[in-house]
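Following: one structure in structure tokens, then a few remarks.
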Amino acid sequence: MAQFDVYPNPSNTSKTYFPYLVDVQNPFLKDLATRIVIPLGKRSAFGGQAMRDLTPEITFADQELLLLTPQISSIPENQLKNPIGSLSHFRNQIVAALDLAITGI
């Protein structure tokens, strides 16, 4: 598992609006049974509700998505199967969104 890998959302309940989860946990914490993830939500489901720095727009799999930083959570590692891509090229935006959520800066 690599930081910023993208996984299909395993939840049948929420995957319609939140099709993917981004693993944001540092690889240093690889021995934990859980992974810290942020859902990616379909941009169209949120209309004009995006907060540019807190919920940056991400293009992935030809979809316009929002990184829903306020919905950060953890998930058992065994629920994350094969990654389908990486958002490592969005690292700066992801870390900035986490910084804003935690420090307000």
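The values are calculated or read from the model by the stated rules, or taken from the named source; none is laboratory data. These numbers come from a predicted model, not from an experiment. A quick note on method: Cβ atoms are made from the backbone with ideal geometry, for glycine too, and the neighbour counts reach across all protein chains shown.
Selection of first residues in the range 1-22 that are under 18 Å from L98 (Cα atoms) and of second residues that are charged (D, E, K, R), restricted to Cβ pairs under 6 Å at least 6 apart or on distinct chains, gives the following pairs, ordered by first then second residue: D5/D23. Scan the range 71-86 and tell me whether some residue there is exposed (fewer than 12 other Cβ atoms within 10 Å of the Cβ) and assigned to a helix (DSSP H, G or I). Yes - at least one qualifying residue is present in the range 71-86.
Would you be able to tell me the number of residues in the range 40-70 that are among the charged types (D, E, K, R) and part of a loop (DSSP other than H, G, I, E, B)?
Residues of the range 40-70 that are among the charged types (D, E, K, R), as a first pass: 42-43, 52-53, 57, 62, 64.
Subset that is part of a loop (DSSP other than H, G, I, E, B): 52-53, 62.
Of the residues in that region, 3 qualify.
Selection of the range 1-39 for residues being basic (K, R) and outside any strand (DSSP E or B) yields K15, K30. Exactly one of these conditions fails for I58: (1) in contact with a strand residue (DSSP E or B) (Cβ under 9 Å, 6 or more places away or on another chain); (2) modelled with pLDDT under 95; (3) over 21 Å from A96 (Cβ atoms). Give me its number. Condition not satisfied by I58: (3). Among what's in the range 7-36 and is β-branched (V, I, T) and touching a strand residue (DSSP E or B) at 6+ places or on another chain (Cβ under 9 Å), pick the residue that is farthest from P76 (Cα to Cα). Selected residue: T16. D53 meets the stated requirement of being among the charged types (D, E, K, R) and surrounded by 13 or more Cβ atoms within 10 Å (Cβ to Cβ).
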